[in-house]
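Single-structure report; data block below.
The values are calculated or read from the model by the stated rules, or taken from the named source; none is laboratory data. Only a predicted model underlies this, so the values are computations on that prediction, with no experimental measurement involved. Counting neighbours? That spans all protein chains shown, and the Cβs are built from the backbone with ideal geometry, glycine included. These accessible areas exclude ligands, DNA and RNA; they are computed on the full protein's heavy atoms, side chains included. Shrake-Rupley method; radii C 1.70, N 1.55, O 1.52, S 1.80 Å.
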Amino acid sequence: MKTFQTNHLPGRTVLTSDGKAYLWFSGTDYLGMGHDEVFRSFLYEGLELYGMHFGSSRNNTLRLSVYTETEEKLANWIGSESALILSSGMWAGQCVMKMIEQVIYESGNSQSIQYHYAPKVHPALWGNEHKVYAGPWADWAQNVIREVSESPEDTAHIICTDAVGSPLVEAFDFSVFSSLPLRDNVWIVVDESHTLGVCGESANGLYKSILALGKANVVMVSSLNKALGIPAGVIACDARTAETIRSSAWFSGASPTAPAYAYALKRLLEIEHYKTQSDLLITNVEHFSNRLQFPHLFQSIPGYPVFCCEGSALFETLLAKGIMASCFSYPSINDAPVTRIAVTTLHQKEDLDRLAEVCNNFIS
């Protein structure tokens, strides 16, 4: 697929380096934080307080309290006992996967560990014995329940999955895991990079609802650099697991995100700004969805801001009409390209009307 270059941060529009302007319906800045003035003001405050970066280990002798203060706010918002901020969502996932076996064995209840990797689970959660499952997520989940139920009680199980399908959008019914046997050595590790800030009653993701099933320990990892606009990642989990990870070389040896961003995140959580922006996003998604005459054109989820279809035909049609979505192979260059449309809070109703018009004409 053709690629484009720009020297301008995309918003509701994008100007490419060859001078062409397009309506921009791509990326993962669902809440429009890249252009959010409230966020910008808090970031400026953070820069005045903490400078450009913090060149130190989080476990050094001198520690910046803004990190732990923000982690407390994050945990309270997500609904977990603890939260840890790391430099990226990818590293948050890999840090968990490097430490999860130690966490399990230190509990003293397990003699062996079995992994269960969901279809197309993000590479952030690839760990030991990673295997690709090619079937539907629902079939995989039922197989997991059966394998856990039939296994010895001293076998621990690590269930790794994304919270929502990507790049082709797909909703996952986590309530199926209420059928898991009641054991204390079953763990669900879920990547919420595309749901944190978008889903949940307070835009706080799915962690609380998965934990409420009561059948597994839950560890959530997520990029904060999508809907939330923070160049960092987070691990949300119980306090004991968090302390084990915090004490590890993987956490101690990694540089933290800039403290100014941690400060901005804390302030945004304090004023519930993400919930405010999420409500605006829901309005825009509903507006676009209501104007689609052929919703079957897309794989989508009600209320979710991403609309996908296989192949490049729709992408090329949109591009010819002055609308840039995305279409590329992901996560591997060998994967089939997917046309992906992302609605954000930055879009105006006329933008959404124009997008719906082109999509409707593509089918009719």
Do we find that Ala124 is within 27 Å of Ser151 (Cβ to Cβ), open to solvent by less than 10 Å² (accessible area, probe 1.4 Å), among the small types (Gly, Ala, Ser) and in contact with a Gly (Cβ under 6 Å, 6 or more places away or on another chain) in this structure? yes
Can you confirm whether Glu201 is modelled with pLDDT under 95, open to solvent by 30 Å² or more (accessible area, probe 1.4 Å) and farther than 18 Å from Val96 by Cα? yes
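Residue-by-condition table, conditions (1) touching a Ser or Thr at 6+ places or on another chain (Cβ under 7 Å); (2) of a type in the set (Lys, Arg); (3) under 30 Å from Leu86 (Cα atoms); (4) not in a loop (DSSP other than H, G, I, E, B):
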residue: Thr276; (1), (2), (3), (4): no, no, yes, yes
residue: Phe288; (1), (2), (3), (4): no, no, no, yes
residue: Gln293; (1), (2), (3), (4): no, no, no, no
residue: Gly303; (1), (2), (3), (4): no, no, yes, no
residue: Thr339; (1), (2), (3), (4): yes, no, no, yes
residue: Leu355; (1), (2), (3), (4): no, no, no, yes
Among the residues that make up the range 285-296, is at least one of them hydroxyl-bearing (Ser, Thr, Tyr), modelled with pLDDT of 95 or more and open to solvent by less than 70 Å² (accessible area, probe 1.4 Å)? yes
Here the residues within the range 325-352 that are open to solvent by 60 Å² or more (accessible area, probe 1.4 Å) and within 23 Å of Leu292 (Cα to Cα) are Gln348, Lys349, Glu350
The range 249-274, subset farther than 27 Å from Gly32 by Cα and either in contact with a Lys or Arg (Cβ under 7 Å, 6 or more places away or on another chain) or not in a loop (DSSP other than H, G, I, E, B) (or both), residue least open to solvent (accessible area, probe 1.4 Å): Phe251
Taking the range 189-211 only, how many residues are without any contact (Cβ under 8 Å) to a residue 40 or more places away in the chain and out of contact with any strand residue (DSSP E or B) (no Cβ under 9 Å at 6 or more places or on another chain)? 3
If we take the range 1-116, then strands (runs of 3 or more DSSP E) inside it with 2 or more residues that are modelled with pLDDT of 95 or more, on the phi > 0 side of the Ramachandran plot and small (Gly, Ala, Ser) are none
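Give Gly233, Gly214 a once-over and let me know the one that is touching a residue at least 40 places away in the same chain (Cβ under 8 Å) and under 21 Å from Glu81 (Cβ atoms).
Of Gly233, Gly214, the one residue that is touching a residue at least 40 places away in the same chain (Cβ under 8 Å) and under 21 Å from Glu81 (Cβ atoms) is Gly233.
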Only one of Val144, Val169, Val186, Val148 is in contact (Cβ under 8 Å) with a residue 12 or more places away in the chain, buried (at least 16 other Cβ atoms within 10 Å of the Cβ) and closer than 30 Å to Ser278 by Cα. Can you tell me which? Val169
